[in-house]
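The values are calculated or read from the model by the stated rules, or taken from the named source; none is laboratory data. Everything numeric in this text was worked out from a predicted model, so none of it was measured. Note that each Cβ is placed from the backbone with ideal geometry, even for glycine, and that neighbours are counted across all protein chains shown.
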Amino acid sequence: MIIGEPPPLVGAFGVDAIAMTMRFGDFLALDNVELKVRPGSFHALLGENGAGKSTLVKCIMGYYHATEGDILVGGREQAIANPKDAHALGLGMVYQHFTLVPAMTVAENLVLARDDVPAVVNWPKEMRELEAFLARMPFKVPLSAKVSDISAGERQKCEILKQLYLKRRFLILDEPTSVLTPAEADEVLGMLRDMVVKGELTILMITHKFREVMAFADEVTILRRGKLAGAGKVSELTPDAMARTMIGAEELTVQPPRTGEAGEARLELAKVRALDDAGAIAVHDVSLTVRAGEIVGIAGVSGNGQRQLVEVLAGQREAEGGEIRVAGDPYHASREEMRRHRMSLLPEEPLKNACVGGMSVADNIAFREFDRAPFASGGWWLNRSAFRDDATKKIGQYKIKTRTPDTPISALSGGNVQRAVLARELAGDVEVLIAANPCFGLDFAAVAQIHAEIMAARNRGAAVLLVSEDLDELLELSDRLVVMFHGEFVYEARTSEADLTEVGRHMAGH
Amino acid sequence: MADGSIGLWTVPLAVLGGAIRVSTPFLFVSLGECITERSGRINLGLEGTLVMGAMSAYGISYLTGSPWLGVLAAGITGALLGALHAGICSLPRVNDVAVGIALMLFGTGLAFYLGKPLIEPTAPRLPAIDFGWWSDIPQLRAALRVNVLFLIGVVLAPILYWAFRTTRWGLLIRTAGESSDAARAMGHSVLLIRLRATMVGGFLAGIGGSFLSLFYPGSWNEGLSSGQGITAVALVIFARWDPLLCLWASLAFGGAAALGPALQSVGVTSGYHLFNAAPYILTLAIMIVTCSPKRTLTGAPAELSITR
């Protein structure tokens, strides 16, 4: 079963990028970067957001054309004009965001990805061939299931299988484990590692998880601000050394120590039930109490009802049943209640869920209080200079990098959008804080700052509900840990006593 | 009553005949729109395409004497209007709904302008097949005189259903409609796929228009279409973007539209205008029953501007 053009080389092959420079207008995204991925190796590419990792691999895959520099595939110089050229050479990429079509079956997605989809697909024959292909593969996926019905872990396996099905033997993986449980991540990476060891595959993995680099990678290349910051064998490096190379001399916000004891119950959920957009039950009668001065972390693989739960608390979705109480009062997510109880929200994808992209940074920072003094007189006449003054103060205080307070917030980087939301939500006294994946896709400096702010809010006596897909973040911050699976809370423990394998098992639903 | 022999049976027979007759333009427009929407774009201009199709079919049929050349001309006109829609929508920051409304007005206006000289002459009409030859009840024979375009449409619906699943083009159209990122990642041009899907959609809508002028009512005038084009777009939504359901929805709609005239023919005249509104009442009822503010439409292509 030969699919697509046969790659020119047999077995695993290496890719070298030499003296790569990429300019976008005035901005230098890559500055004379070198990357050498040896044939049959597992290579990790480390760097902060904006360090140029994506730009570099997109140059290799032909999405961008480097201003200067050469790409060597299997030792031969190749001009890769577009992704099709890269595919023909046997290079494949697995993206951070899934490229499977959710409304189609796994089999349809696999066949569709081929360059030579027949005009009329003979499904019985294709299914036989796909099953024969799967029998040779280390992991299994249900061929006839719709992609929207399978778990994130299975989807990621599908993405990788798709590349193997297309006979790609140099795989670029862009943060492949960000949606997987630790056990799933180990399974997938372990199987890929086996194929690398057998000499069938070469892997270049973009990641920020040192644990995975240490466990699976042979070599590492580290970028910082578009420049090569370091490279070498993983066995000769420590996570600390790699982190220092990644961040450079930048100073990180120091997280305050955990102080104080949990107080009275602040946020109480009793048998809360919510539906997803398709009308299926997403949150299934969950009950939880968060007390003052305590961080409760909700762990779980994305898509297990966390989003819907946060949307109910944020007032973006109506609960189907159950009761929510804040400081003993019934809570229906009205603006008045949020103000009275000093509730703050850091929803996921802040640009979409907490900001109006086209409005200025100053306006976005003022959303909570814009119709009150000093921002407004009489509840309707807005005082623009008060917006500006407040924004200027908070921009300095929260280190928001924006050209002016009047810049539209959508022009800011992800970390700075989150900082602006942080400035709005955490500036005053906070009694209840709800945060969902607050650090997703942010760089070290932003993560450190956000973690420090959340811990400081807890120490000041706020009840914090932290929903995150990043287990390390939860283990670092929470006092108590709850695991959510299929809309239910299936595990609860004090974080200090939580057993990581137990947590992972519950995240996977076993 | 002259037809006293079958009495009230006249009504279901007339509804059946009407369902077949009235549903044909709905069927073609909704199948065409189904293809366009599955590719991730809404073409609201099909009302204009329908009227332009009707005008060009009538004109060509009159000039050449062949109604089938008229049908072909209607299809080509529709495809060109589809290409215009897709072409404008390919530009950055253009909204397909707004372009569709503009083209709806443009199409009807242009058809009225070009069609002025066609109001008087009579063009050759499309044939029908007599499936009622075995019966001597005139009403039954009338109901079973089935036009050829309807038969083509009935065959086309299952073919499209099959094609969406098993052909390369069907899969590509669905990919473009469900995830343009995925389509782009595979190296396909989403704009090109949508251009072709919109042109095919326009082709079918144009043929739907030719039915109006060449079969029923069977002449060209400015009151020819009473919003069938726009109604068919709604039909696609409650047919859940499924070609087979489009067929059933068109039939139900055609039957509802035939209810008023059928009742009138047996002497029920009191609620005539009310019964004529049956299709729209049906639309409203189905919309109310099937829609909910708390969930998204199942089956809706994820890239459609109304679902995103």
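Which of the residues belonging to segment A:121-143 are surrounded by 13 or more Cβ atoms within 10 Å (Cβ to Cβ) and more than 14 Å from every other protein chain (Cβ to nearest Cβ)?
Across segment A:121-143, the qualifying residues are A:GLU129, A:LEU130, A:PHE133, A:LEU134, A:MET137, A:PRO138, A:PHE139, A:VAL141, A:PRO142, A:LEU143.
I'm trying to understand the selection: among the residues of segment A:279-328, which are small (Gly, Ala, Ser) and either within 14 Å of another protein chain (Cβ to nearest Cβ) or outside any loop (DSSP other than H, G, I, E, B) (or both)?
A:GLY279, A:ALA280, A:ALA282, A:SER287, A:GLY297, A:ALA299, A:ALA314, A:ALA319, A:GLY321, A:GLY322
Only one of these conditions is not met by A:GLU318: (1) of a type in the set (D, E, K, R); (2) farther than 18 Å from A:ASP429 by Cβ; (3) in contact with a Phe, Trp or Tyr (Cβ under 8 Å, 6 or more places away or on another chain). Which number is it?
Failing condition for A:GLU318: (3).
When segment A:167-198 is examined, which residues are found to be outside any loop (DSSP other than H, G, I, E, B), β-branched (Val, Ile, Thr) and touching a strand residue (DSSP E or B) at 6+ places or on another chain (Cβ under 8 Å)?
A:ILE172, A:VAL196
For segment B:176-226, name all the residues that are within 12 Å of another protein chain (Cβ to nearest Cβ), among the polar types (S, T, N, Q) and either farther than 30 Å from A:PRO83 by Cα or surrounded by 24 or more Cβ atoms within 10 Å (Cβ to Cβ) (or both).
B:SER179
Checking the structure you have, find out if any residue of segment B:166-175 is within 14 Å of chain A (Cβ to nearest Cβ) and in contact (Cβ under 8 Å) with a residue 60 or more places away in the chain.
Yes, segment B:166-175 contains at least one residue that is within 14 Å of chain A (Cβ to nearest Cβ) and in contact (Cβ under 8 Å) with a residue 60 or more places away in the chain.
Restricting to segment A:403-438, give me the number of residues that are among the basic types (Lys, Arg), part of a loop (DSSP other than H, G, I, E, B) and at pLDDT 90 or above.
0
Would you point out which residue out of B:ILE288, B:ILE230 is of a type in the set (A, V, I, L, M), in a helix (DSSP H, G or I), closer than 29 Å to B:ALA111 by Cβ and more than 14 Å from every other protein chain (Cβ to nearest Cβ)?
The match here is B:ILE230.
I want to confirm something. Restricting to segment A:108-120 and keeping residues that are more than 19 Å from B:GLY299 (Cα to Cα) and not charged (D, E, K, R), which single residue is farthest from the other protein chains (Cβ to nearest Cβ)?
A:LEU110
Regarding segment A:43-50, can at least one residue be identified that is more than 13 Å from chain B (Cβ to nearest Cβ), of a type in the set (D, E, K, R) and within 22 Å of the chain's Cα centre (by Cα)?
So far as segment A:43-50 goes, yes, one or more of its residues are more than 13 Å from chain B (Cβ to nearest Cβ), of a type in the set (D, E, K, R) and within 22 Å of the chain's Cα centre (by Cα).
Does B:ARG194 count as at pLDDT 95 or above, part of a helix (DSSP H, G or I) and either over 18 Å from B:GLY153 (Cβ atoms) or out of contact with any Asp or Glu (no Cβ under 6 Å at 6 or more places or on another chain) (or both)?
For B:ARG194, the condition - at pLDDT 95 or above, part of a helix (DSSP H, G or I) and either over 18 Å from B:GLY153 (Cβ atoms) or out of contact with any Asp or Glu (no Cβ under 6 Å at 6 or more places or on another chain) (or both) - is met.
Would a scan of segment A:260-274 turn up a residue that is touching a strand residue (DSSP E or B) at 6+ places or on another chain (Cβ under 9 Å) and within 14 Å of chain B (Cβ to nearest Cβ)?
Yes, segment A:260-274 has at least one match.
Considering only residues that are surrounded by fewer than 19 Cβ atoms within 10 Å (Cβ to Cβ) and within 13 Å of chain B (Cβ to nearest Cβ), look in segment A:70-87 and name the one that is nearest to A:CYS158 (Cα to Cα).
Among residues in segment A:70-87 that are surrounded by fewer than 19 Cβ atoms within 10 Å (Cβ to Cβ) and within 13 Å of chain B (Cβ to nearest Cβ), the one nearest to A:CYS158 (Cα to Cα) is A:LYS84.
Take the residues in segment B:239-251 that are crowded, with 19+ Cβ neighbours inside 10 Å and not hydroxyl-bearing (Ser, Thr, Tyr), then tell me which one is nearest to B:GLU120 (Cα to Cα).
Restricting to residues being crowded, with 19+ Cβ neighbours inside 10 Å and not hydroxyl-bearing (Ser, Thr, Tyr), the top hit is B:LEU251.
Check segment A:479-501 and report whether any residue there is at pLDDT below 95, hydroxyl-bearing (Ser, Thr, Tyr), in contact with a Ser or Thr (Cβ under 7 Å, 6 or more places away or on another chain) and on the phi < 0 side of the Ramachandran plot.
Yes - at least one qualifying residue is present in segment A:479-501.
Can you pull out the residues in segment A:386-402 that are closer than 21 Å to A:LEU252 by Cβ, hydrophobic (A, V, I, L, M, F, W, C) and not in a loop (DSSP other than H, G, I, E, B)?
A:ILE395, the sole residue that qualifies.
From B:GLY107, B:GLY40, B:GLY18, grab the single residue that is under 17 Å from the mean Cα position of the chain (by Cα) and crowded, with 24+ Cβ neighbours inside 10 Å.
It is B:GLY107.
Which of the residues belonging to segment A:144-165 are surrounded by 18 or more Cβ atoms within 10 Å (Cβ to Cβ) and within 14 Å of another protein chain (Cβ to nearest Cβ)?
A:VAL147, A:ARG155, A:CYS158, A:GLU159, A:LYS162, A:GLN163, A:TYR165
Of the residues A:THR67, A:THR105, A:THR55, which single one is more than 8 Å from chain B (Cβ to nearest Cβ), closer than 27 Å to A:ASN416 by Cα and of a type in the set (S, T, N, Q)?
A:THR55 is the lone residue from the list that is more than 8 Å from chain B (Cβ to nearest Cβ), closer than 27 Å to A:ASN416 by Cα and of a type in the set (S, T, N, Q).
Report, by residue number, each residue of segment A:454-479 that is under 22 Å from A:LEU309 (Cβ atoms) and of a type in the set (D, E, K, R).
A:ARG458, A:GLU469, A:ASP470, A:ASP472, A:GLU473, A:GLU476, A:ASP479 - these are the residues of segment A:454-479 that are under 22 Å from A:LEU309 (Cβ atoms) and of a type in the set (D, E, K, R).
Which count do you get for residues in segment A:128-166 that are free of Cβ contacts under 8 Å to residues at least 24 places away in the same chain, assigned to a loop (DSSP other than H, G, I, E, B) and within 23 Å of A:GLY11 (Cβ to Cβ)?
The qualifying residues number 1.
Given the criterion touching a Gly at 6+ places or on another chain (Cβ under 8 Å) and crowded, with 17+ Cβ neighbours inside 10 Å, identify the matching residue among A:GLY297, A:GLY293, A:GLY263.
A:GLY293
Quick one: how many residues across segment A:11-40 are at pLDDT below 90 and among the hydrophobic types (A, V, I, L, M, F, W, C)?
Adding up the residues that qualify gives 5.
Going residue by residue through segment A:335-358, is there one that turns out to be within 25 Å of A:GLN449 (Cβ to Cβ) and in contact with a Ser or Thr (Cβ under 6 Å, 6 or more places away or on another chain)?
Yes, some residue in segment A:335-358 is within 25 Å of A:GLN449 (Cβ to Cβ) and in contact with a Ser or Thr (Cβ under 6 Å, 6 or more places away or on another chain).
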